[in-house]
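What follows is one structure encoded as structure tokens, with my remarks underneath.
The values are calculated or read from the model by the stated rules, or taken from the named source; none is laboratory data. These numbers come from a predicted model, not from an experiment. Here the Cβ positions follow ideal geometry from the backbone for every residue, glycine too, while neighbour counts run over all protein chains shown.
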Protein chains: 2
Amino acid sequence: MVRKSKQEALKTRQDILNAAISVFLKKGVAKATVHEIADEANLTRGAVYWHFDDKDDLVTAVFEEAINVIIGVTEEAVQQPDTTSLEKLKVFLRGPIEQAIKSENVRNIYTVLMHFCDHGDEAANAYRLIFRAQGYYEKQLRHLLNQAIDDGYLRSDLDIESTIFMLMASMHGLTLRWLTPGQPIVFDLPAHLGKITDNLLLGLQHPQSNVTPITAGKIPTQA
Amino acid sequence: MVRKSKQEALKTRQDILNAAISVFLKKGVAKATVHEIADEANLTRGAVYWHFDDKDDLVTAVFEEAINVIIGVTEEAVQQPDTTSLEKLKVFLRGPIEQAIKSENVRNIYTVLMHFCDHGDEAANAYRLIFRAQGYYEKQLRHLLNQAIDDGYLRSDLDIESTIFMLMASMHGLTLRWLTPGQPIVFDLPAHLGKITDNLLLGLQHPQSNVTPITAGKIPTQA
DNA sequence: ACGATGACATACACGTAAGTATGTTAGTAA
DNA sequence: TTACTAACATACTTACGTGTATGTCATCGT
């Protein structure tokens, strides 16, 4: 049977994307072949080349969901009423990771992006979009930091750019290590995320702040 | 001229390694061909296959220097007299990055490792060694943290495992973002590294600690 | 001084993967 | 119902990259 309905064709497209993620997680983006991806989706290479121009286009399409998550978090942060600017900041910082906690798909795409893909010209196009999304995120973070300073939550003598760099790097590193494959011990990030972000902001607040730091409790779970 | 002396042959080997790094930084490990690497070193593929078993072996050899840096930092941390355990901890945390600041070669290898290489089976062997080195680092970090707690520098109610994860992730993320290629703004990490690590430890110390946080000063440099 | 060998260069064989061209069938609009 | 076309499958071409086999020459031991 060929020539499916539009509804089914759209599902086929999604099947290919999911299959791509699956193969990427096994072989890496560079080593993954279109043939393998098609097999994984129970299709042929013809189907893949129908829905996507080439491998580069497919890779970009896979990463689009992750990009939308970043942008989505950024947009949401703007319109959050009845919370303090400090709380907004915390929610914003946790945003991308919380999306990954919720959705296995997002988690997988993050994993591919950070561990099974390199900046070689294969995915250069996709990386440009990612960088752009991070640019939005950074811009919004700058705004939230300034607001938190104006509201008196953070020290007024902060070096904003250093702070932005440190915060983004820390959240990036947290996600990266959390999603590192092939490690015996998997850290239970969801359980500790709140404490960790609080702790990161602790040094940025006024000395008299009394936020509780990372205290004893949960033990990392086994894989 | 063929058949160099042992001295020269060793230099040829190093040339190949440097050429490999150079090509990896341009094309990524997966897309880099042995031919290109040989060209970059003004040699032929024959030379490369003489010094290394295959591409995998070459990749592993490139990463060995980075691995030695990690292990070197870990070893050094053990024997540092006349400093407090807190200061030891700080030096230890900054160690890998400081080595990268000093040596362009180390910096380049880090960059390849974090941005131009994926976990696809190509470099699976190399990654195993990296993970092992990180294991040593983590073990030593655990020891240093416990010591700092015993000496009264850090809160005694810390969740050690969470702390280890946060610290390693943050330092990892810092390095990662610092060495991200193709970004217009390059953060001046060397200038801010001290303050940033101090800030990371701030939340782990007793409330009465008066470490100054990230304050205004340097502005990120242009690339 | 002379064979043995180390340090490469050259040439070839093999597989593999991307892209494309073309075939096939079933929905879809008229 | 019929022409048209969307949604694939199949077959083929091209190209490249790896690994290896073989050639070559200077150096080193004796």
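Here are the numbers for the structure shown:
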item: Given (1) under 25 Å from B:R13 (Cβ atoms); (2) touching a residue at least 12 places away in the same chain (Cβ under 8 Å); (3) within 11 Å of chain A (Cβ to nearest Cβ), number of the condition B:V106 does not satisfy; result: (3)
item: Residue match in the stretch A:141-155 (condition: within 14 Å of another protein chain (Cβ to nearest Cβ), part of a loop (DSSP other than H, G, I, E, B) and farther than 30 Å from B:V29 by Cβ); result: yes
item: Residues satisfying the stated conditions in the stretch A:42-72, i.e. within 12 Å of DNA strand D (Cβ to nearest atom) and either touching a Leu at 6+ places or on another chain (Cβ under 9 Å) or under 18 Å from A:H119 (Cβ atoms) (or both); result: A:V48, A:H51, A:F52
item: Within the stretch B:156-170, tally of residues that are part of a helix (DSSP H, G or I), at the interface with another protein chain (Cβ under 7 Å from one of its Cβ atoms) and not charged (D, E, K, R); result: 7
item: Members of the stretch B:20-38 that are within 12 Å of DNA strand C (Cβ to nearest atom) and either in contact (Cβ under 8 Å) with a residue 12 or more places away in the chain or within 23 Å of B:R128 (Cα to Cα) (or both); result: B:A30, B:K31, B:T33, B:V34, B:I37, B:A38
item: Filter result for B:H119 (over 21 Å from A:S170 (Cβ atoms), in a helix (DSSP H, G or I), without any contact (Cβ under 8 Å) to a residue 24 or more places away in the chain and not small (G, A, S)); result: no
item: Test: A:D118 is modelled with pLDDT under 95, exposed (fewer than 15 other Cβ atoms within 10 Å of the Cβ) and within 9 Å of chain B (Cβ to nearest Cβ); result: no
item: Check on A:L158, touching a strand residue (DSSP E or B) at 6+ places or on another chain (Cβ under 8 Å) and of a type outside the set (D, E, K, R); result: yes
item: Criterion violated by A:N125 - all others in (1) away from chain B (no Cβ under 14 Å); (2) over 17 Å from the mean Cα position of the chain (by Cα); (3) under 20 Å from A:A61 (Cβ atoms); (4) not hydroxyl-bearing (S, T, Y) satisfied; result: (1)
item: Lone unmet requirement of (1) more than 12 Å from DNA strand C (Cβ to nearest atom); (2) over 20 Å from A:I196 (Cα atoms) for A:K88; result: (2)
item: Leading residue by the ranking (surrounded by the most Cβ atoms within 10 Å (Cβ to Cβ)) among those in the stretch A:149-180 that are small (G, A, S) and modelled with pLDDT under 95; result: A:S162
item: Count - residues of the stretch B:50-96 that are free of Cβ contacts under 8 Å to residues at least 12 places away in the same chain and among the acidic types (D, E); result: 6
